Every structure is written in structure tokens, then in C-alpha cells.
Amino acid sequence: MTQDELKRATARAAIDYIAPKLEADGIVGVGTGSTANFFIDMLAEIKGRFDGTVASSEASAERLKSHGIPVYDLNAVDGIQVYVDGADEANAALELIKGGGAALTREKIVAACSDEFVCIADESKWVPVLGTFPLPVEVIPMARSLVAREIVKLGGDPIYRQGVTTDNGNVILDVHNLHITQPRALEEAINNITGVVTNGLFAHRPADLLLLGTAAGVKTFTAS
Ligand SMILES: O=C(CO)[C@H](O)[C@H](O)COP(=O)(O)O
């Protein structure tokens, strides 16, 4: 199977998982990226069965609206029943690296508001130790060099993602050469650097469920 076929299969598994649980007044949190895009297109098939969505990016909001799916501002809803999103890496504790699409801050906010976080990913994202994928860090533009120097002190090699501005008007540093054995501690340490908005480690708020698309079918994981 191609990677896109695996992504499509995991998106379908997410629809099958959430559809029976969705409440008529329920809000679905929707992530960002190519796997999330498959999910959005399938969510359109069941759009009458829940109230609406909160999107983690402008791009996802536009795609949802193009299907006639209501999109709410997060401040206009009381909570989110379930959040479905992809990831760049996932480990056995369902801790994640996210932000390859530069949407990490809004993704982290939506995840924090959600009763349940379902991660959808193809098997290339499954790793024993996080850090092979460069860790995205969203930074206030004027603090870019300051933050980069502080990240070097933590043992990483930050590279400025040229030409990218986040939906929040900030920039991204991608941190290479990390071997993240203590994800919660590193998430905290990077977030404590002045000028950092947030980083793409989802360790304090890991996924609750991972639907992993593999050649042998979609496998379901809960945090071990
Ligand atoms: O975190 C993300 C965007 O900021 C995405 O979930 C992550 O990059 C995975 O993307 P894809 O589904 O295209 O592989």
C-alpha cells in the first residue's frame, strides 16, 4: 500500500470510531495536514450527526467550510468531544511530535480542550524514541536568535524554517539531532525559553488513542 492509502485507511478508521459516539450537539476538533485532510473529506459524509467543528488551522477551516461543515471559534464552544489529528512521530506512550505543518500551537490548544484525542498516522510515524523528526518550535519573530541560542544549550540544532509564517504570525525553528528520552521534561524546558510560543512535543497532553495505518491493517493503540 502507498503512504496515502495508509493515511486514508486510518482516517476511515477514525470516522468509524467516532461516528457512533458523536452527540447531536457535539463539537469535533479537526487537525491539520494530509492525513487530517482525508479525515475532513470523510467527515463530510456524517456532517448531520454532530453540531460542528473547531479547526486547528486556517487551511483546515477552509477545507471544512468547502464541505459545508460548520466551523466555530474555540471561544464560542463549551468544549470539544473528540479531536482527530495526525502526527509526525508517535511513541508507545502516545507522546507525539507535531507541527510539520506549522500548526502546532493551535493543535495543542485544541487538544487541551478535548475530552478525547484520537491520533491518525501511517506506520512511518511510529518510533521507539522521539526526535528523528526535527522538533518544531513556534517562536515570536523578534526572539528567533535568542531562542535558537538557548535551544543549542539544551543540545539541539535549530534550523529556521525559511518562508513560513504561522497562522498566529510567528516563525518556526525546527530542532534537529534530538534523542528525546524525557519528552515531558524537554517540552517544559523549551516552553520555558522566553520568546517560545510552544513546541511540538505532545507529552503533557499525549493522544488517548492511536489509529496506525499499517500494511496489515489499521492497528489501535492506547497509551502503555
Ligand atoms: O502536526 C501536523 C501539522 O502541524 C500534522 O499533523 C503532521 O505534520 C502530520 O502531517 P501529515 O498527516 O501530512 O503527515
Those aspartates and glutamates that a straight Cα-Cα span of less than 14 Å connects to LYS47, excepting residues fewer than 8 apart in one chain: ASP16, GLU23, ASP25
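For the chain, what is the relative contact order in percent, using Cα pairs closer than 8 Å and at least 6 residues apart in sequence?
The normalised contact order for the chain reaches 22 percent.
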Please state the Cα pair-distance histogram of the chain with 5 angstrom bins from zero: what percent is in each bin? 1, 7, 16, 19, 20, 16, 11, 6, 2, 1, 0
For the chain, report the accessible area per residue in Å² (1.4 Å probe, heavy atoms, rounded to an integer). 44
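Counting Lys +1, Arg +1, Asp -1, Glu -1, what net charge surrounds ARG8 among other residues with beta carbon under 12 Å of its beta carbon?
-2
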222 nm [θ] for the chain, helices only, -39500 (n - 2.57) per DSSP H run of 4+, per residue, to 500? -8500 deg cm²/dmol
Using DSSP, restrict attention to beta bridges with both residues in the chain and report what percent are antiparallel, rounded to the nearest 5. 55
Tell me which residues come under 5 Å, amide H to amide H, from GLY29 once H is placed; ignore anything under 5 positions away on its chain. VAL54, GLN81, VAL82, TYR83, VAL84
Give me the percent of accessible area attributable to carbon and sulfur for the chain, probe 1.4 angstrom. 51
Grab the alpha carbons of segment 115-224, take their convex hull, and tell me the volume per residue in Å³. 128
Proximal aspartates and glutamates relative to LYS219, as straight alpha-carbon distance under 13 Å, when same-chain residues fewer than 8 apart are discounted: ASP122, GLU123
At a threshold of 8 angstrom on Cα-Cα distance, excluding pairs fewer than six apart, so keeping six or more, what relative contact order does segment 125-182 reach in percent? 50
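The values are calculated or read from the model by the stated rules, or taken from the named source; none is laboratory data. Because the structure is predicted, anything quoted here is derived from the model rather than measured. Every residue, glycine among them, receives a Cβ derived from its backbone with ideal geometry; neighbour counts consider all protein chains shown. Heavy atoms of the whole protein, side chains included, go into the accessibility calculation; ligands, DNA and RNA do not. Shrake-Rupley method; radii C 1.70, N 1.55, O 1.52, S 1.80 Å.
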